[in-house]
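Student: I'd like to ask some things about the structure below.
The values are calculated or read from the model by the stated rules, or taken from the named source; none is laboratory data. All values reported here derive from a predicted model rather than from experimental measurement. A quick note on method: Cβ atoms are made from the backbone with ideal geometry, for glycine too, and the neighbour counts reach across all protein chains shown. Remember, those area values only see protein heavy atoms, side chains included, never the ligands or the DNA or RNA. Shrake-Rupley method; radii C 1.70, N 1.55, O 1.52, S 1.80 Å.
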Protein chains: 2
Amino acid sequence: MFNKENVIELFKNIKDYWSPKIIAEVNNEYVKIAKFKGELIWHDHKNSDEMFYVIKGSFDLHLEKEIINLNQGDFYVVKKGIKHRPVSKEESWVMMIEKKETKHTGDVVSDITKTVDEQLK
Amino acid sequence: MFNKENVIELFKNIKDYWSPKIIAEVNNEYVKIAKFKGELIWHDHKNSDEMFYVIKGSFDLHLEKEIINLNQGDFYVVKKGIKHRPVSKEESWVMMIEKKETKHTGDVVSDITKTVDEQLK
C-alpha cells in the first residue's frame, strides 16, 4: 500500500459495511474509506477531529442537536469530543481523515469495532 | 468555513492556478484544494508528508527518479523531504492534505507562493 492507488477501485474491494480500510498515512493521520449502510453506534473521539467526505451516495450525520445530510462531494469535520452517529439509509461510500491512534467507534466497543490491524488488511 | 461544504462547488469559485485554498482543518492538518495547469516549481517539504488526490482531470507528479501519472480518483502520498513537481498539461482539480504549517512551495519562494492567510481567503 501507500503507492499510487485509485479510490474507486479500492472501494470495489470492500464487502463489509462499517469496516474502515486505511488507504494512506499522512503525517499523524490515517485516510480511511468505508462503505456505510444502516446505523453506526453513537460515539465520540476524545482526542481527534474526524473529517467525512462523501465519494458516492449520501448519509445523515447525527449530532446531538442537529442532523447533517451529506451528499456526494460534501464534507464535514466533526471536532474532537463531539458525539456523532452516521446513518445511511442506502449504501454510501465515505472517505475519512482522523488521527492514527483514533478508534473508529471511540471508546465504545461493539461487535462491529475493528482494530487498526483489521483496518490495514 | 468549516461547516458542511461541497468540494465541487468550492472548486467552481477558484479562478487562479496553483493557488491552494484551505477547505478544512483536521487536527494538525489542512485539507486544501487547487486547480493545476502548467508546471509548479521543484520543491520539498522538510517536515510534512503531502497527499495528492485527483478530483478531476489528470496530472503528472514528477519525482527525482520517476514520473507518476495521476488520474481522477488516484491518490499518492509524497513523504516528507522528497522533491516533487506537479505538471498538468490540461487543467486538473486536486485535493491535498498536509501539515498546517507547511508552505505549499516548500522553502522555495516564487511569484506564485501563497501565504497561509492567502490560502484561507
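Student: Of the residues B:K12, B:K65, B:K35, only one is at pLDDT below 95 and not hydrophobic (A, V, I, L, M, F, W, C); which?
Tutor: Details: B:K12 fails: at pLDDT below 95; B:K35 fails: at pLDDT below 95.
Only one candidate qualifies: B:K65.
Student: Give the residues of region A:34-55 that are within 14 Å of chain B (Cβ to nearest Cβ), more than 23 Å from B:K80 (Cβ to Cβ) and buried (at least 21 other Cβ atoms within 10 Å of the Cβ), sorted by residue number.
Tutor: Hits for region A:34-55 are A:H45, A:E50, A:F52, A:Y53, A:V54.
Student: Then there's this: Quick test of your reading of the structure: B:S58 fulfils all but one of (1) at the interface with chain A (Cβ under 9 Å from one of its Cβ atoms); (2) of a type in the set (S, T, Y); (3) open to solvent by 40 Å² or more (accessible area, probe 1.4 Å). Name the failing condition by number.
Tutor: (1)
Student: Testing B:T113 on (1) surrounded by 15 or more Cβ atoms within 10 Å (Cβ to Cβ); (2) more than 16 Å from B:D16 (Cα to Cα), one condition comes back false. Which one is that?
Tutor: (2)
Student: In region A:21-33, how many residues are part of a strand (DSSP E or B), open to solvent by 10 Å² or more (accessible area, probe 1.4 Å) and over 14 Å from A:N6 (Cα atoms)?
Tutor: Here the count works out to 2.
Student: I need every pair where a residue in region B:17-30 that is at the interface with chain A (Cβ under 7 Å from one of its Cβ atoms) has its Cβ under 7 Å from the Cβ of a residue that is part of a strand (DSSP E or B) and open to solvent by 20 Å² or more (accessible area, probe 1.4 Å), sequence separation at least 6 or different chains.
Tutor: From residues that are at the interface with chain A (Cβ under 7 Å from one of its Cβ atoms), the pairs are B:N27/A:K99; B:N28/B:K99; B:E29/B:K99.
Student: Scan region A:57-69 and report the pairs whose first residue is free of Cβ contacts under 8 Å to residues at least 60 places away in the same chain and whose second residue is of a type in the set (S, T, N, Q) and surrounded by 10 or more Cβ atoms within 10 Å (Cβ to Cβ), with Cβ atoms within less than 6 Å and a gap of 6+ or a chain change.
Tutor: That search, which allows pairs on different chains as well, returns A:G57/A:S92; A:S58/A:N71; A:S58/A:S92; A:F59/A:S88; A:F59/A:S92; A:D60/A:N69.
Student: The conditions are (1) in contact with an Asp or Glu (Cβ under 6 Å, 6 or more places away or on another chain); (2) within 14 Å of another protein chain (Cβ to nearest Cβ); (3) open to solvent by 70 Å² or more (accessible area, probe 1.4 Å); (4) more than 24 Å from A:M96 (Cα to Cα), and B:E66 fails exactly one of them. Which is it?
Tutor: (1)
Student: Among the residues of region B:1-18, which ones are of a type outside the set (A, V, I, L, M) and open to solvent by 10 Å² or more (accessible area, probe 1.4 Å)? Steps first, answer last, please.
Tutor: Let us first name the residues in region B:1-18 that are of a type outside the set (A, V, I, L, M), namely B:2-6, B:9, B:11-13, B:15-18.
Passing the criteria: B:F2, B:N3, B:K4, B:E5, B:N6, B:E9, B:K12, B:N13, B:K15, B:D16, B:Y17, B:W18.
Every residue, every condition in (1) closer than 13 Å to B:A24 by Cβ; (2) part of a loop (DSSP other than H, G, I, E, B); (3) of a type in the set (S, T, N, Q), yes or no:
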residue	(1), (2), (3)
A:K46	no, yes, no
A:F52	yes, no, no
A:L61	no, no, no
A:N69	no, no, yes
A:G81	no, yes, no
A:P86	no, no, no
A:S92	no, no, yes
A:H104	no, yes, no
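Student: Follow-up. List every residue pair whose Cβ atoms lie under 9 Å apart, where the two residues are 6 or more positions apart in sequence or sit on different chains, the first residue falls within region A:71-95 and is within 13 Å of another protein chain (Cβ to nearest Cβ), and the second residue, located anywhere, is β-branched (V, I, T) and open to solvent by 40 Å² or more (accessible area, probe 1.4 Å).
Tutor: Close Cβ pairs satisfying both conditions: A:Q72/B:I8; A:G73/B:I8; A:W93/A:I8.
Student: Next up: For B:K103, which of the numbered conditions (1) under 12 Å from B:S48 (Cα atoms); (2) within 14 Å of chain A (Cβ to nearest Cβ) fails to hold?
Tutor: (2)
Student: Please tell me if A:N47 is more than 23 Å from B:N6 (Cβ to Cβ) and without any contact (Cβ under 8 Å) to a residue 24 or more places away in the chain.
Tutor: Working: more than 23 Å from B:N6 (Cβ to Cβ): yes; without any contact (Cβ under 8 Å) to a residue 24 or more places away in the chain: no.
So A:N47 does not fit the description; no.
Student: Test A:H84 against the criterion of being modelled with pLDDT under 95 and either polar (S, T, N, Q) or farther than 23 Å from B:I8 by Cα (or both), and give yes or no.
Tutor: On the way: modelled with pLDDT under 95: no; either polar (S, T, N, Q) or farther than 23 Å from B:I8 by Cα (or both): yes.
No: the conditions fail for A:H84.
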